[in-house]
Every structure is written in structure tokens, then in C-alpha cells.
Amino acid sequence: GDPFYRGVSGNTTIPLGTITVQETQAPNGYLLDGATLQPVGGDQAIEDIYLSQITQEGNLVGLIGGNEYTMSDSVIRGGVKIAKWDKELNNKNPQGGGTLAGAQIAILNDSDNPVRVNGTSYAKGQTVYTGTTNDKGIMETVADLLPYGRYKYKEVKAPDGYLLSGDLEGSFTITEHGKIVDLSANSPIKDDPIRGGVKIAKWDKELDAKNPQGNATLAGAQIAIVNDSNHPVMVKGKSYDKGQTVYTGTTNGEGIMETAADLLPYGRYKYNEVKAPDGY
């Protein structure tokens with residue numbers, strides 16, 4: 001048709017004739033996913049194009065067509081993969097008798113606009129999804145769960161053997177369609193393990209009492225604590241495998257050996273006397 005010209009108001013004017021309307025570039029966060037021009041007769045459908053005419057009837061000029069002139073773009077959607085680590089070991093293996101499975105991680109909308117997830121709209125700050133880590137400590141969503149935008153994540157329930165403390169949260173953005181944002185290597189959640197201690201007494205076997213016999217003493221007995229969990233444990237900055245002695249303590253004048261209350265990580269242990277006191 002004829003080239004565009006400007007009317008008396010200075011606005012660009014479309015001449016009479018047949019026109020097509022097509023979205024050629026979607027805005028940020030959306031995909032090109034417009035309408036389809038329905039075929040007439042034996043013609044083929046043309047995707048994402050609206051066909052109409054500008055006609056004149058008397059002194060009236062108008063746009064006449066059978067299509068709705070509204071583009072309905074699909075929003076860009078992606079997913080996220082988050083890992084659960086032991087903070088002390090600083091790796092993806094559990095400590096002692098703990099497990100990395102069962103941690104619950106919440107995903108929160110951090111964009112200014114609402115997002116729609118699984119059919120529900122969520123405002124900024126609201127939790128849009130909560131996932132649970134598998135036996136490898138991984139929580140991964142489907143690849144089209146989260147709309148284009150910014151999100152925060154945080155652990156809301158720790159797995160067995162761990163405290164809800166440590167490096168528990170972070171943020172990420174969804175910018176590509178169908179892509180999983182992988183945070184498992186560079187931004188894992190790291191929990192502090194539960195820790196406790198033990199108190200053991202030294203008795204005289206014949207008296208079956210906590211008093212020494214004769215000139216003997218219950219002080220000075222050495223008692224070893226051995227890791228009996230399947231996973232390593234960290235004690236005083238050193239890692240010990242199953243079967244290794246993690247600590248050796250000595251009984252006091254009352255025949256008591258007691259550790260600090262946070263010496264031993266969550267797990268199973270054995271103890272045995274490795275040196276008897278005088279008289280035994």
C-alpha cells in the first residue's frame with residue numbers, strides 16, 4: 001500500500017487498505033506467543049499475525065476485523081536447584097548420624113510485582129513454593145515453575161542431625177525460559193550439626209560402687225570415645241572416620257570423665273577404658 005503520511009494533527013496515519021498486526025519483540029519476562037490468523041478456504045494459518053482492513057463508509061473511517069487485538073504472551077519460566085551441605089565439613093556429605101535428606105527449603109517472591117505459581121498469585125515476600133531435599137541433599141523444582149523475576153530462598157526446617165542455623169538463605173533470578181538455575185555448587189545451604197557431650201563414671205567392679213577399694217584410686221583412668229557412625233565426624237577441627245578415636249579423657253578424683261557439652265556431633269559412639277588407674 002501507500003507509505004504512511006501525517007494527518008493535520010501531526011500523527012502518523014495508516015491509509016485505507018488491508019493491514020496485518022504482529023508482535024515482533026516481546027517485553028522483558030515474556031515470550032512471543034500471540035494469536036494465529038485462521039485460514040480462509042485452502043489458505044494456511046499464519047501464526048502470530050492479525051489481519052484486518054481500514055475501510056471508509058461515508059465520512060467514517062474505521063478498523064474492521066474479526067480478531068481481538070490483544071497479544072497474550074506466555075511469561076518466561078524457569079526452575080532452581082539448591083543443595084544442602086554440612087557447614088563444618090564444608091561439603092555435600094552428612095556428618096556422623098545426620099542426614100541431608102528432609103530439609104525443607106522455601107522459595108519467596110522477591111520481585112515488586114506478583115507472580116503466579118501453580119495457579120496461585122503471590123505478592124512480594126510471600127512463599128511461592130516449599131521443596132524437600134532428597135537423599136543427596138538436593139532440592140530441585142521443575143523447569144517451568146517460577147515466572148521471570150527475582151526470588152529468595154531459605155531453609156525453614158533442618159534435617160535430622162542439624163540445627164536451623166548456619167548459612168540458610170540466598171537469592172537468584174529467573175531470566176531464561178525452561179532453564180534450571182543451578183545453585184548447588186556455588187551457593188549451597190550449610191547447616192551447623194547438633195552437638196552434645198558425655199559423662200562417664202569409673203567404679204570398682206567388686207564393690208559395685210563408685211568408691212575405690214583399699215589404697216586404689218578411681219582418678220587417672222583414660223577413656224576413649226570412638227566414632228561408631230557411618231559418616232565422619234568433626235571433633236576439635238579434625239575429621240574422624242568410623243572406628244577412629246575422636247577423644248580421650250581422664251577421670252577426676254571422683255572417678256568422673258566428662259566432656260564439653262558441644263564436643264561430639266550428632267551420631268553414635270563407643271567408649272572404652274584404655275588405661276586403668278592405680279590399683280586396677
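Taking segment 115-142 as the region of interest, how many residues are buried (at least 16 other Cβ atoms within 10 Å of the Cβ) and either aliphatic (A, V, I, L, M) or at pLDDT below 95 (or both)? Qualifying residue count, segment 115-142: 5. All of (1) under 10 Å from the mean Cα position of the chain (by Cα); (2) farther than 28 Å from residue 265 by Cα hold for residue 124 with one exception: (1). Just one residue in the set 201, 209 is farther than 30 Å from residue 146 by Cβ, surrounded by fewer than 17 Cβ atoms within 10 Å (Cβ to Cβ) and in contact (Cβ under 8 Å) with a residue 40 or more places away in the chain; that residue is 201. Within segment 13-26, the residues that satisfy the criterion of being open to solvent by 80 Å² or more (accessible area, probe 1.4 Å) and not in a loop (DSSP other than H, G, I, E, B) are 18, 20, 22. Within segment 103-114, the set of residues being touching a strand residue (DSSP E or B) at 6+ places or on another chain (Cβ under 6 Å) and either open to solvent by 10 Å² or more (accessible area, probe 1.4 Å) or of a type in the set (Lys, Arg) (or both) comprises 104, 108, 110, 111, 114. The residue list 156, 117, 128 contains one member that is more than 18 Å from residue 181 (Cβ to Cβ) and of a type in the set (Val, Ile, Thr), which is 156.
Residues in segment 173-187 that are over 16 Å from residue 136 (Cα atoms) and among the hydrophobic types (A, V, I, L, M, F, W, C): 3 in all.
The values are calculated or read from the model by the stated rules, or taken from the named source; none is laboratory data. These numbers were taken from a predicted model, which means no experiment stands behind them. Ideal geometry is used to build each Cβ from the backbone, glycine not excepted, and the neighbour counts take in all protein chains shown. Areas reflect the complete protein model, heavy atoms only, side chains present, ligands, DNA and RNA absent. Shrake-Rupley method; radii C 1.70, N 1.55, O 1.52, S 1.80 Å.
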